[in-house]
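Report on the structure given below.
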Amino acid sequence: MRIRLVAFCIAALLMTGCTAKTDDNMKGNPLDNEPIEQVDVIDEEIGKILTADPAKFHFVADWLTDKKIVYVEKDEGFYKVNTFDLNTGETDTLHEEKSIVIDVLIHPSKKYLLLHTSDNSTSATIKILSTDGIIQDEIEVASTELAIEWNDLDPSLILLTAFYQDWTFDLFLYKGAESYLGLLPIEDPFPKWFGTEQIVIGYMEDHPLDGGELLLYNPTTEEWGDLGVDGVIYYDTYEQSLLTVKINEAGDAHYELSESNGRLLSEWTLPAVSNYSEWVVLEVEWASNHTVFLRAPAIGGQLDELSSPFRLIQEKEGQQQVITEDIAAGFLRCSPSGLTCITGSSATTLIDIETAEERIWLDFLE
């Protein structure tokens, strides 16, 4: 099945590339998804700096623990997935890869990493690694670009959207426990997991400024449902929580955070930003089911005419706190405890959420 591209929200496509290959030891055994208890914290008194060669450095991925950051560099013909310890300054190589490493995702359990790799412009390989660098699973997908949605609760469940040169796409469901890879009848290329049994789909019938509605699909029963919300301009999920954004009558962005049973956890408004043809909502960063980090200006308006910078805001259990009045609109990844975030256009800065103090953790050789 090939479906024409339907735009619902701004999404970053991950460049790459249908068969699934699984370690025999993993077949029939779901990956352990119990989160690792985070006990390490950054010692701000001795915070170390990673000095990197810009000719070798590839990108910053995410946090592995509260004091270890995962990054990728290219050295001696290999792409190396490394960790940097902010307390000791030590680096460790988790995995070496001959193929180009396009992206690295870290599961919320902090027990597995997903490597998005490719050797050419028409295919991709997805590798699931344990944190000791052992490959647990491997999936090959034909595509020119690939979007990945990894289930927050069950690391063996992955949605893969394979785009082709004519911008048609196929949406696949991969179940690692069963080594199953199959097509889904969904016309949204960027759906979101909602728990382990439901998928949220955005459906927009009219102009993007009017928003759309959210549908539910159960891939096991093949049943469709409706979340009963419309006018949604942005949505995201984490485990069994759903965040929606709509524009209210005052022209502000109205956020609602709710559970899968429909219970409203919190709601708030922030100034709305548009770029004339659609609303602009920067990607949120989840710290837990009830805590998110957002970026929004103090005064809304057209994106290229804003009179105030974007602020970093923490919404936690119904309480809103402005962490800093000026934050870059680029990279944002927060530690498992939610106490420190990586920011900056080149992901070189750490910001302490409690004190709002910033420091450089990544420095490039000149």
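The values are calculated or read from the model by the stated rules, or taken from the named source; none is laboratory data. Owing to the predicted nature of the structure, the values given are computational and were not obtained by experimental measurement. No Cβ is skipped: glycine too gets one built from the backbone with ideal geometry, and neighbour counts run over all protein chains shown. These accessible areas exclude ligands, DNA and RNA; they are computed on the full protein's heavy atoms, side chains included. Shrake-Rupley method; radii C 1.70, N 1.55, O 1.52, S 1.80 Å.
At a glance:
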| item | result |
| --- | --- |
| Residue 322 vs. criteria assigned to a strand (DSSP E or B) and farther than 30 Å from residue 55 by Cα | yes |
| Among residues of the range 311-330, those that are surrounded by 19 or more Cβ atoms within 10 Å (Cβ to Cβ) and either modelled with pLDDT under 95 or on the phi > 0 side of the Ramachandran plot (or both), counted | 1 |
| Residues of the range 257-276 satisfying the condition of being in a strand (DSSP E or B) and open to solvent by 60 Å² or more (accessible area, probe 1.4 Å) | 264, 267, 269 |
| Subset tally (residues that are open to solvent by less than 40 Å² (accessible area, probe 1.4 Å) and on the phi < 0 side of the Ramachandran plot) for the range 289-310 | 10 |
| Residue within the range 130-147 that is under 21 Å from residue 81 (Cα atoms) and within 17 Å of the chain's Cα centre (by Cα) present | yes |
| The range 93-119: number of residues that are of a type in the set (Gly, Ala, Ser) and outside any strand (DSSP E or B) | 2 |
| Subset of the range 134-163 (residues that are open to solvent by 30 Å² or more (accessible area, probe 1.4 Å), assigned to a strand (DSSP E or B) and either acidic (Asp, Glu) or under 14 Å from residue 122 (Cα atoms) (or both)) | 138, 140, 142, 145, 149 |
| Selection count, the range 228-240, where residues are open to solvent by less than 50 Å² (accessible area, probe 1.4 Å) and either touching a His at 6+ places or on another chain (Cβ under 7 Å) or part of a loop (DSSP other than H, G, I, E, B) (or both) | 3 |
| Filtered residues of the range 284-309 (kept if farther than 17 Å from residue 63 by Cα and in a loop (DSSP other than H, G, I, E, B)) | 289, 290, 298, 299, 300, 306, 307, 308, 309 |
| Residues located in the range 182-214, provided they are open to solvent by 40 Å² or more (accessible area, probe 1.4 Å), of a type outside the set (Lys, Arg) and modelled with pLDDT of 95 or more | 183, 185, 196, 197, 198, 213 |
| Which numbered condition residue 277 fails, given (1) under 29 Å from residue 343 (Cα atoms); (2) modelled with pLDDT of 95 or more | (2) |
| Flag if residue 354 is modelled with pLDDT of 95 or more, open to solvent by 40 Å² or more (accessible area, probe 1.4 Å) and not in a strand (DSSP E or B) | yes |
